[in-house]
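Heads up: the structure comes next, in structure tokens.
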Amino acid sequence: MSAPAPRWDIFCTVVDNYGDVGVAWRLARQLAGEHAIAVRLFVDDMRALARLAPEIDAATSEQRARGVDVCRWGGAQVHLASDPSDVVVEAFGCGLPPSYLGAMAARGRPPVWINLEYLSAESWIEGCHGLASRHPALPLTRYFFFPGFTVQSGGLLRERDLLPRRDRFRAAPGAREALWRALGIAAPAPEVRIVSLFCYPNAPLPSLLDAWTESDPPILCLVPEGTANAMLARWTGGAELHAGRRFGRGRLTLAAVPFVAQDDYDQLLWACNVNFVRGEDSFVRAQWAARPLVWHVYPQTENAHRLKLDAFLARYGAALPPDPAAALRRLSIAWNGEGDAGAAWQQFAAALPALSTHAESWTSALAAQSDLAEGLVKFCADRV
Ligand code: TRH
């Protein structure tokens, strides 16, 4: 008789936006689909999850989707308390219910308890990755698991078939056209530079959009609905950008597209020439797209986001020639609040051929490392 499938519980609270639940959902379905793990995902905001995963019914407290048992956190407390799994993943230090912690401690063999941290390219995370911390009162140990860009870290989420799917999409005749149809936009002419734009409301959009109105080649900018609404409305002079609406000025066309399911968002990134992304999960997905990217870091106090940006740029830019590295750095820093994003775009656009080549080699090097889910499964198997 074969051993029963290991059981894992993942807990996630939605702080704001979609990154926390986006990562937790991605991890949960990968563990279920690729590692035959029985996964329960506890989320406090089903509506946020349902935006990324249309198969989720936000009104249902317990449901099964993509091989994962998804539970609204709160509604399932009683059931929870009696039955912790072999591995417990606390996403981003969200905290566990005291009753559940008690039940973990009461198990004959306590679960492997993981705190999944936020992604950073900073080198200090390598020294902290995998460290253990004893609970002050209960016989429990929590391990800190740091996603990252090096083999000394926990790696990045990457489904086994992601890059082959990306390559099939790019090679398939008609795949891009089908995407444009699904997004409700006319297929762009071949010479148009297509840019996706997902950022926080404080991005210096006007200066960048002004620069794009004079771009050669012309630019089609795809904006997921709800991105920086107020700023865009000011720049357009009041035109509301709902999905399906376009706005043209000079050489720039802005096209609002629907906020799509996570897998469809990958296709959008694959189809664009340049991707502006933010936070954590879209930032990682843009790297798997292997196209030049500009990162808007989640704003944090004490300039912590700037440290994260600098660390990423240093790592990402290390193998770039000096001019494209400087162009990427200048635009990235301007996009995150220091400098003129419009002027920086000109330099960035000139460096695009080199940045595109580099994006491919960066992705190939990252893909040679094991992915986060695989690393986490191994880490836990050694400790169960
Ligand atoms: O939404 P975010 O700003 O999330 C942030 C960050 O994770 C940040 O680190 C965290 O502290 C904060 O939340 C609380 O950006 P992020 O991480 O890119 O997450 C967006 C998710 O939305 C990602 O899973 C991709 C997904 N997405 C879609 O599924 N469809 C879409 O159309 C778009 C634009 C995004």
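The values are calculated or read from the model by the stated rules, or taken from the named source; none is laboratory data. Predicted, not measured: the structure shown is a model, and the values here were computed from it. Reconstructed Cβ throughout: ideal geometry from the backbone, glycine too, with neighbour counts over all protein chains shown.
The selection criterion, being out of contact with any Phe, Trp or Tyr (no Cβ under 9 Å at 6 or more places or on another chain) and within 16 Å of the ligand (Cβ to nearest atom), does not hold for ASP216. The one condition from (1) touching a Lys or Arg at 6+ places or on another chain (Cβ under 9 Å); (2) hydroxyl-bearing (Ser, Thr, Tyr); (3) at pLDDT below 95 that TYR265 does not meet is (3). Once the range 220-249 is narrowed to residues that are within 23 Å of the chain's Cα centre (by Cα) and among the polar types (S, T, N, Q), the residue that is nearest to the ligand (Cβ to nearest atom) is THR227.
Do we have GLN346 as within 16 Å of the ligand (Cβ to nearest atom), in a helix (DSSP H, G or I) and either touching a residue at least 24 places away in the same chain (Cβ under 8 Å) or out of contact with any Asp or Glu (no Cβ under 9 Å at 6 or more places or on another chain) (or both) here? So GLN346 does not fit the description; no. I'd like to check something: does the range 320-341 contain any residue that is part of a helix (DSSP H, G or I), more than 16 Å from the ligand (Cβ to nearest atom), surrounded by fewer than 21 Cβ atoms within 10 Å (Cβ to Cβ) and in contact (Cβ under 8 Å) with a residue 24 or more places away in the chain? Yes, the conditions are met somewhere in the range 320-341. If I filter the range 101-128 down to residues being farther than 23 Å from TRP25 by Cβ, not in a helix (DSSP H, G or I) and not charged (D, E, K, R), which single residue comes out as farthest from the chain's Cα centre (by Cα)? Applying the filter and picking the extreme gives GLY108.
Report yes if ALA58 is at pLDDT 95 or above and either more than 20 Å from TRP113 (Cβ to Cβ) or not assigned by TED's automatic domain parsing to the domain that holds VAL88 (or both), otherwise no. For ALA58, the condition - at pLDDT 95 or above and either more than 20 Å from TRP113 (Cβ to Cβ) or not assigned by TED's automatic domain parsing to the domain that holds VAL88 (or both) - is met. When the range 190-213 is limited to residues that are loosely packed, with under 14 Cβ neighbours inside 10 Å and touching a residue at least 24 places away in the same chain (Cβ under 8 Å), the one that is farthest from ASP264 (Cα to Cα) turns out to be ASN202. Would you call ASP83 within 24 Å of ASP371 (Cβ to Cβ), of a type in the set (D, E, K, R) and touching a residue at least 12 places away in the same chain (Cβ under 8 Å)? Here the answer is no, as ASP83 does not meet what is asked. Listed conditions (1) touching a residue at least 40 places away in the same chain (Cβ under 8 Å); (2) more than 30 Å from HIS35 (Cα to Cα); (3) in a helix (DSSP H, G or I) are all met by LEU232, apart from (1). Quick check: anything in the range 250-268 assigned to a strand (DSSP E or B) and near the ligand (Cβ under 7 Å from one of its atoms)? Checked against the condition, which is being assigned to a strand (DSSP E or B) and near the ligand (Cβ under 7 Å from one of its atoms), the range 250-268 yields no hits at all.
Identify, from the list LEU49, LEU96, the residue that is among the aliphatic types (A, V, I, L, M) and part of a loop (DSSP other than H, G, I, E, B). Being among the aliphatic types (A, V, I, L, M) and part of a loop (DSSP other than H, G, I, E, B) holds for just one of LEU49, LEU96, which is LEU96.
The set of residues in the range 271-287 that are under 14 Å from the mean Cα position of the chain (by Cα), within 20 Å of ALA351 (Cα to Cα) and more than 7 Å from the ligand (Cβ to nearest atom) comprises ASN275, PHE276, ALA286, GLN287. Scanning the range 269-304 for residues that are under 13 Å from CYS199 (Cβ atoms), in a helix (DSSP H, G or I) and out of contact with any strand residue (DSSP E or B) (no Cβ under 6 Å at 6 or more places or on another chain) yields a count of 1.
For the range 243-288, the set of residues classified as closer than 21 Å to LEU208 by Cβ, in contact with a helix residue (DSSP H, G or I) (Cβ under 8 Å, 6 or more places away or on another chain) and β-branched (Val, Ile, Thr) consists of VAL257, VAL274, VAL277, listed by residue number.
The residues on offer are LEU157, LEU197, LEU179, LEU205, and the sole one that is within 23 Å of SER364 (Cβ to Cβ) and within 22 Å of the chain's Cα centre (by Cα) is LEU157.
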